[in-house]
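A short write-up of the structure that comes next.
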Amino acid sequence: ATTSAAGASNATASAASAACPNPAWTRAPWDVERRGQRFQASTTTFTTRTRSTLGIVRECDDENDARSGSGDASPAMLPPKRPTMQTRTMPLADASTSTSARSWDECYRTSQDIRCERQRGTFRVYTTMSASSSASSFAGEDVVYLVCLHGCPYTSMTWAPCAEVVRARRRMAHGDAGDSTRTTASGRMEIVAIDLRGHGATTCDDGDGAVTFDPDVMARDAYETSLEVFARLGHSRENPANVVVVGHSMGGAIAARLAGLLETAPYDRDEDEARVMSLRGLALVDIVEGSATRALPLMRAFIEARPTSFDSLKHAMIWSMSKGGGTTNAHSAAISLPSQLRVERDDDGRERFVWRTNLRATEPYWMSWYEGLSQRFLAVRAPKLLLLAGSDRLDTALTIAQMQGKFQMTLLPKAGHAIQEDDPEAVTTALENFCSRFVFSRSTSTPR
């Protein structure tokens, strides 16, 4: 069944999303084909961005022509009609925008580096658990761990706003002891976020300093890292960690593969080691195979249009929040964007901020990320959630499966591609509801 986070305005929101899917704060690369040519291939320049009184970002090639209906703009190139739903106003970034970076420990409680010799990498992991947490300390509680995988070129900090919401709700419900109590009335929900290879603070070396972005390798990275995390917590085959794998964008493609590994238990692992985790669910966030694969050619224009460096973090924040398609939720951007950048010094000693992830190096892997994603998602036996910013993103296979009730779909039409940054409250609520319905309420383990 399809649920909506629009509250009392469900019907209105559904109608609006049909007329204007994803009317939003951030933009996915594949939004181009729906809203017209955002990038001009010959000049690789961004189109004009305007904002309505509802705080909705719109794009058109020429603001005056689009508004008046004159000029060369065709109907297909005009911005979508204003949706009827109410949307919170988010002002675009300008020189007055606060661009102070936030620290990871404002949202997470622990950070650790996990060395995986099999994968020849050291993976940064952030959690909402205290350093003293263990499987035994959760005895008597129904606990589920959300293993969260980010998209490209994001990092684990894209999930930090949701981690912040989880901890804030505990404190609101239970006061100072909030971080030591359950998240919902049904059970306790903890976030375990991993920086994937080539992203964030994770370091990997596949030879000659190169890093592969092969999705199968990245899924195995997440598998090996998660095994070590939960083994350190004291989980075992007799007391496995109940896991819901969550993936955004590219991370969704990795999440579907990771879920497959958890259900099949890789042959080269000891049986006791392989059963440290029990898959209880899979959630994909704003990623659908058909939309993603059709838009891949447009990604080259996006890469060409993206600045390679910035003079200051403030300039990077303003660009991202105004022209770069990043979230315009400044509170989320202040912790997500800085983690995507690192500081270098010019020959004259001046600092400049450059991207951690080389997007050009990912191009050979784009098709392999998304090809076959729908079938991988549907093949997972555990309960499944598809969290989208617009229903138009469903391809044929998913549309049929959704009508057959093979997975739950939740729409958040007020958010954009980075849903977890735009509206972390709604995303956290959707994940809590999914866990309450399909994880905490089940007394038996997921069938294999």
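The values are calculated or read from the model by the stated rules, or taken from the named source; none is laboratory data. All figures in this text were calculated on a predicted structure; none of them were measured in a lab. Please note: Cβ atoms are built from the backbone with ideal geometry, for glycine as well, and neighbour counts cover all protein chains shown. Areas reflect the complete protein model, heavy atoms only, side chains present, ligands, DNA and RNA absent. Shrake-Rupley method; radii C 1.70, N 1.55, O 1.52, S 1.80 Å.
Quick one: length gained pulling Ala330 to Val354 fully straight, 0.36 nm per residue minus the C-alpha distance? Write out the running numbers ahead of the final one.
Working: separation 24, 0.36 × 24 = 8.64 nm, distance 2.00 nm.
Between Ala330 and Val354, full extension yields 6.6 nm more.
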Residues whose placed amide H lies under 5 Å from that of Met277, excluding near-sequence neighbours: Ala241
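When the accessible area of the stretch 318-423 is computed with all protein chains present and a 1.4 Å probe, what percentage of it is carbon and sulfur? Numbers along the way, then the final one.
Details: 2050 of 4160 Å².
Exposed carbon and sulfur together represent 49 percent of the surface.
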Ranking by accessible area, most exposed first, for Lys314, Lys323 with a 1.4 Å probe: Lys323, Lys314
Listed residues Asp113, Asp395, Asp221 arranged by accessible area, highest first, probe 1.4 Å: Asp113, Asp395, Asp221
Volume in Å³ per residue [convex hull over Cα atoms, computed for the stretch 356-418]: 123
Heavy atoms of Leu378 accessible to a 1.4 Å probe, total area in Å² rounded to 10: 40
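Could you work out how much longer the chain between Thr110 and Arg381 gets when fully extended? Use 0.36 nm per residue separation minus the Cα distance between them, nm to one decimal. Before the final figure, lay out each step's value.
Details: separation 271, 0.36 × 271 = 97.56 nm, distance 3.15 nm.
Working it through step by step, the gained length comes to 94.4 nm.
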Where the stretch 104-263 is the region considered: accessible area per residue in Å², 1.4 Å probe: 33
Ranked by how many other beta carbons lie within 10 Å on average, peptides 136-149, 228-241 from highest: 136-149, 228-241
Spin-label pair Ala139/Glu304, simplified geometry with 7 Å Cα→Cβ offset, distance in nm: 6.3
Long-range HN-HN contacts of Val244 with modeled amide H, under 5 Å: Tyr145, Leu146, Val147, Arg280
